[in-house]
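Taking it in order: structure first as structure tokens, then the write-up.
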Amino acid sequence: MCGRYQLDYEFEQLMFRFNAYNHYIGYGTKYEIFPTDMVAIVTREGNQNFIDSAKWGLDNYYDKRPLINARSETIDEKKTFRSLFANGRCIIPATGFFEWQKSSDNTKTKMLISVEDAPVFGMAGLYKIEPDASGNIIKKCTIITTSANQQMSEIHDRMPVILNHDAENIWMDNSINDLLMLKDFLKPYSNHLFFHR
């Protein structure tokens with residue numbers, strides 16, 4: 001799973017990186033982002049990308065815990081995610097994500113994982129518009145996860161789906177409704193990762 005991540009990147013650079021206009025008021029860099037935090041997401045209207053704000057975690061109607069992750073393997077089957085996979089795709093920018101490495105004595109070390117040659121990268125996400133606890137209409141999002149690649153498997157059996165540039169453009173194209181083709185992008189990251197203690 002992906003339970004915490006980082007976005008330590010200036011807003012102007014973020015807009016340039018994702019070729020996006022600003023819909024996010026109050027953006028600030030964050031060393032560590034937690035579930036239910038307001039986060040930056042990339043959405044598309046027509047042919048234009050926008051940096052938007054969203055609450056991390058979709059409403060969970062079965063228990064109180066927000067749905068912060070969606071499994072790629074069942075994203076087109078689960079009722080909660082199926083329609084969003086078709087009509088609510090987004091990119092969640094990050095400069096790294098966190099996992100805890102367990103040692104032989106059962107202590108855990110927090111690791112920051114980043115992507116080689118990519119100071120900021122895009123994680124595949126889904127979003128929807130829902131009321132918050134006060135009745136205000138806001139966007140809420142979830143990060144799509146997949147099985148860990150070889151490097152990541154030494155720490156955890158899951159990782160966020162990290163999109164390359166070509167995949168980002170296709171993922172954000174609202175005219176594409178070939179879900180099998182889109183699902184093919186939801187694979188373990190194939191390039192090198194860096195691990196920081």
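Give the residues of the range 2-39 that are assigned to a strand (DSSP E or B), surrounded by 14 or more Cβ atoms within 10 Å (Cβ to Cβ) and not β-branched (Val, Ile, Thr), sorted by residue number.
Tyr5, Gln6, Leu7, Ala20, Lys30, Glu32, Met38
Out of Met111, Met123, which single residue is more than 15 Å from the chain's Cα centre (by Cα) and either under 22 Å from Tyr21 (Cα atoms) or part of a strand (DSSP E or B) (or both)?
Met111
If you scan the range 146-161, which residues turn out to be outside any loop (DSSP other than H, G, I, E, B) and surrounded by fewer than 24 Cβ atoms within 10 Å (Cβ to Cβ)? Please lay out each step first, then the result.
Step one: of the range 146-161, the residues outside any loop (DSSP other than H, G, I, E, B) are 146-147, 152-154, 158-160.
Hits for the range 146-161 are Thr146, Ser147, Met152, Ser153, Glu154, Arg158.
Consider Ser134 carefully, then state whether it is exposed (fewer than 15 other Cβ atoms within 10 Å of the Cβ) and polar (S, T, N, Q).
yes
Could you list, ordered by first residue, the pairs with Cβ atoms under 8 Å in which the first is in the range 83-105 and free of Cβ contacts under 8 Å to residues at least 40 places away in the same chain and over 18 Å from Lys55 (Cα atoms) and the second is loosely packed, with under 13 Cβ neighbours inside 10 Å and β-branched (Val, Ile, Thr), at least 6 apart or interchain?
Note: pairs meeting the criteria are Ser103/Thr109.
Name the residues in the range 50-75 that are among the hydrophobic types (A, V, I, L, M, F, W, C) and outside any strand (DSSP E or B), would you?
Within the range 50-75, Ile68, Ile75 meet the criteria.
When the residues of the range 181-197 are narrowed to those that are outside any loop (DSSP other than H, G, I, E, B) and out of contact with any strand residue (DSSP E or B) (no Cβ under 6 Å at 6 or more places or on another chain), which ends up surrounded by the fewest Cβ atoms within 10 Å (Cβ to Cβ)?
Initially, the range 181-197 is screened for residues outside any loop (DSSP other than H, G, I, E, B), giving 181-183, 193-196.
Applying the additional criterion that residues be out of contact with any strand residue (DSSP E or B) (no Cβ under 6 Å at 6 or more places or on another chain) yields 181-183.
Working: Met181: 10, Leu182: 20, Lys183: 14.
Per the stated criteria, the residue is Met181.
Among Asp132, Asp178, which is the only one that is at pLDDT below 95, more than 17 Å from Met1 (Cβ to Cβ) and in contact with a strand residue (DSSP E or B) (Cβ under 6 Å, 6 or more places away or on another chain)? Walk me through it before giving the result.
Working: Asp178 fails: in contact with a strand residue (DSSP E or B) (Cβ under 6 Å, 6 or more places away or on another chain).
The unique qualifying residue is Asp132.
Restricting the first residue to the range 22-46 and requiring it to be touching a residue at least 12 places away in the same chain (Cβ under 8 Å), which pairs with a second residue that is acidic (Asp, Glu) and part of a strand (DSSP E or B) meet a Cβ separation below 7 Å and a spacing of at least six or different chains?
His23/Asp52; Tyr24/Asp52; Ile41/Asp52; Thr43/Asp52
The values are calculated or read from the model by the stated rules, or taken from the named source; none is laboratory data. Just so it is clear, the structure is predicted and the values come from calculations on it, not from any experiment. Don't worry about glycine lacking a Cβ; one is built from the backbone with ideal geometry, like all the others, and counts go over all protein chains shown.
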